[in-house]
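Working notes, beginning with the structure itself.
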Amino acid sequence: MRARVVHKSARVVQSLTVTPLPETVPTYTLPEIAEITGLPVTRVRRLIEEHQLAATRIDNVLRVPQAFMRDGAPVGELHGTFVLLADLHFSDDEIVEWMFTSEESLGVTPMDALLAGRKAEVRRIAQALL
C-alpha cells in the first residue's frame, strides 16, 4: 500500500510517494529504549522531540525502528537528516516511512545508505524534496 504525501513550503508543493513501515523492520517500544539506554521514558520522548530519534505508531503503540539505535544510543548520523526532513514539514511517521522506502537514486533505502556511510548523499536527496 502506498500513501501520497504532499509537503508544502512557502514556495513549493512537493509530492512524494512513501510506503508504510514494512512489518519486517524490527522496532522497539519507548520503554524498551529506556531500558537499553538507561534513560527514563520521558527522556526518550525528548530524544524524539529533538529529532535524535523518530517514531511511528504501530497498533496504537509508539515504536522506534531498531536500526535507529546503535550501541545503546541513537545513531548519530540520523539527527541532521531528521532535522532536515522535519524542516520540510515531514511528520515523524513520514520520516520513518521515508527512511525505509527504497530511493531510486540511492539504489537502496535512505537508512541503508546512511548506515553504509553515505550521509551526505542521503541529505542531498532529502534537500531535493523541497
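The values are calculated or read from the model by the stated rules, or taken from the named source; none is laboratory data. Remember, predicted model here, so these are calculated numbers, not experimental data. Cβ coordinates were reconstructed from backbone atoms using ideal geometry, including for glycine residues, and neighbour counts include every protein chain displayed.
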Of the residues in segment 73-95, those that are closer than 17 Å to V44 by Cα, at pLDDT below 95 and in contact with a Ser or Thr (Cβ under 9 Å, 6 or more places away or on another chain) come to D92, D93
Yes or no: segment 46-58 includes at least one residue that is more than 19 Å from L85 (Cβ to Cβ) and part of a helix (DSSP H, G or I). no
Scanning segment 89-100 for residues that are touching a residue at least 12 places away in the same chain (Cβ under 8 Å) and either under 16 Å from I33 (Cα atoms) or surrounded by fewer than 20 Cβ atoms within 10 Å (Cβ to Cβ) (or both) gives H89, D93
Is there a residue being surrounded by fewer than 16 Cβ atoms within 10 Å (Cβ to Cβ) and either aliphatic (A, V, I, L, M) or in a loop (DSSP other than H, G, I, E, B) (or both) anywhere in segment 28-36? yes
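Give the residue that is nearest to M69 (Cα to Cα), with candidates limited to residues of segment 108-118 that are surrounded by fewer than 19 Cβ atoms within 10 Å (Cβ to Cβ) and in contact with a Leu (Cβ under 9 Å, 6 or more places away or on another chain). Working first, answer last.
To start, the set of residues in segment 108-118 that are surrounded by fewer than 19 Cβ atoms within 10 Å (Cβ to Cβ) comprises 108, 112, 115-118.
Within this subset, residues satisfying the condition of being in contact with a Leu (Cβ under 9 Å, 6 or more places away or on another chain) are 112, 118.
On the way: D112: 13, R118: 17 Å.
Selected residue: D112.
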Residues (among the charged types (D, E, K, R), out of contact with any strand residue (DSSP E or B) (no Cβ under 9 Å at 6 or more places or on another chain) and within 18 Å of H51 (Cβ to Cβ)) located in segment 91-119: K119
Output the number of the condition that P65 fails; it satisfies all remaining conditions of (1) closer than 20 Å to A120 by Cα; (2) crowded, with 19+ Cβ neighbours inside 10 Å; (3) modelled with pLDDT of 95 or more. (1)
